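Note sheet for the following structure.
The values are calculated or read from the model by the stated rules, or taken from the named source; none is laboratory data. Predicted, not measured: the structure shown is a model, and the values here were computed from it. Cβ placement follows ideal geometry from the backbone for every residue including glycine, while neighbour counts extend to all protein chains displayed. SASA here: full protein model, heavy atoms, side chains in, ligands and nucleic acids out. Shrake-Rupley method; radii C 1.70, N 1.55, O 1.52, S 1.80 Å.
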Amino acid sequence: MSSELFHVIEPRAFNRELLDELCDITDRARAMAKERDGAIALQQLLADKRAMLYFTQASTRTFLSFNNACHILGMGTSEIRDPAISSEIKGESFDDSIRTFSSYVDVIVMRTPERGLAGRAAALMDRIPRRVPIINAGSGPDQHPTQALLDIYTLEHSFIGRGGIDGKTIGMMGDLRRGRTVRSLCQLMKNYHDVKLVFISPPSFAMRNDIKKQLAQHKIDFTETQTLDDVLSDLDALYVTRMQSEWDVDGESLKINLGEFSIGPAEMQLLREDAVVMHPLPRGPEIDPAVDDDSRAVYWRQERNGMWMRVALLIKIFGVEAQLAS
Ligand code: NCD
């Protein structure tokens, strides 16, 4: 049995044992939910708990999947999606707002445009008597640990019967500089053996040095290229990301020839038969919708996996995994 889980702030805190356990809990919860009796039993698991969804940055999938994960487990939910309608507009500090949420609920899931706020909320919780777990659902361009967890689950399932993630070559393409999903996923790679990473991006959107330094420290092999076609046939997975143009200062993402960092039917022909294409979504033009019908395109499955991995995360945080059917 692995250690307890409380706050979820940075992917770095996850070890292999915990990752494997979360994947197993995801599978078990999912299997239970297939039958009506199992689904009802799941709804009892956390029926005494409530969650606050504090999402002050745009979100469709992460918000809806957390919201529905809570409901699958019988949890009540409250939400703030616009700071303009919370007391922050009256000048209430962030710390006081978070402390207020914690008075009413048992867990706070938060997404903010600012980096570091989830960590700050967790540090605040550790100082006050009513300490509730904080889950980082995206902290600016910095981290998105729960996305990385569902990506790990999707990768592991894609390579079932082929030894899982260990030994695989994973390409990451697009806006690697500002894409928090790929940053977080890179941080989990230290838990797998002999993984090779291939970064495919324009030089101005290359992976930042902080992540490259961590990869080097953990002796994770990575290479960088601007030419997708040169590496496509080496890949077991291609993780595509969109240009994070909302962070543009002077329209820098518009200067990129996105066609070079996109995938369509022609690129799919170069991809191996057993490889998969992932994307955290939402997508822009970087994946041609014609790719959706290819069985190697797993991004819609990945999206659905997100809800079930978040179910598993809540089960683990509240320590009720022993009550799942095995
Ligand atoms: C990602 C995000 O918000 O970082 N979306 C998501 O959570 N699935 C990816 C993105 O916005 O590009």
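A few comments on the model shown:
- Over the chain: helical MRE at 222 nm, DSSP H runs n ≥ 4 each giving -39500 (n - 2.57), nearest 500: -11000 deg cm²/dmol
- Between Arg131 and Asp20, the FRET efficiency from the beta-carbon distance, with R0 = 30 Å, is close to 0.65.
- Of Ala69, Ala206, Ala13, the residue with the greatest mean-square motion in the GNM of the chain, using alpha carbon springs below 10 Å, is Ala13.
- Residue with peak Gaussian network fluctuation, the chain [Cα springs, cutoff 10 Å], from Pro280, Pro202, Pro289: Pro289
- Amide H to amide H, with H built 1.01 Å from N, Gly167 comes under 5 Å of His193, Asp194, Val195, counting only residues 5 or more places away or on other chains.
- Within a Gaussian network of the chain (alpha carbon springs, distance under 10 Å), most fluctuating of Ser86, Ser59, Ser158: Ser86
- In loop segments of the stretch 214-272 as defined by DSSP, the trypsin sites (Lys or Arg not before Pro) with at most 15 further C-beta atoms inside 10 Å of their C-beta are Lys219, Arg272.
- Selection of chymotrypsin sites (Phe, Trp or Tyr not before Pro), the stretch 175-208, meeting DSSP coil and at most 12 other Cβ within 10 Å: none
- Surface accessible to a 1.4 Å probe, per residue, for the residues of the chain, Å²: 43
- Once you reduce the stretch 155-219 and the stretch 42-70 to the center of their Cα atoms, the two points are 28 Å from each other.
- Distant-in-sequence amide contacts of Val105, defined by a placed amide H-H separation under 5 Å and a gap of 5 or more residues or a different chain, comprise nothing.
- Couplings 3J(HN,Hα) for the stretch 271-276, derived from phi with the Karplus relation 6.51 cos²θ - 1.76 cosθ + 1.60 (θ = phi - 60°), are 7, 5, 5, 9, 8, 10 Hz, where x marks Gly and Pro.
- Inter-probe distance in nm under a simple model that places probes 7 Å from Cα toward Cβ, at Glu273 and Gln226: 3.5
- Within a straight-line Cα-Cα reach of under 25 Å, Lys49 can be paired with the following lysines, leaving aside sequence neighbours fewer than 8 residues apart in one chain: Lys34, Lys316.
- Between the amide H of Glu79 and those of Leu53, distances stay under 5 Å, these residues lying 5 or more places away or on another chain, with hydrogens modeled in the peptide plane.
- At an R0 of 51 angstrom, the distance between the Cβ atoms of Arg162 and Asp48 translates into a FRET efficiency of 0.80.
- Inter-label distance for Lys255 and Ala216, nm, one decimal - labels placed 7 Å from Cα along Cα-to-Cβ: 2.6
- Accessible surface of the chain, 1.4 Å probe, proportion on carbon and sulfur as whole %: 49
- Within the chain, longest stretch free of exposed GluC sites (Glu not before Pro) [DSSP loop, at most 11 other beta carbons within 10 Å]: 36-272
- Between Gln323 and Asp293, full extension at 0.36 nm per residue minus the direct alpha carbon distance yields a gain of 7.0 nm.
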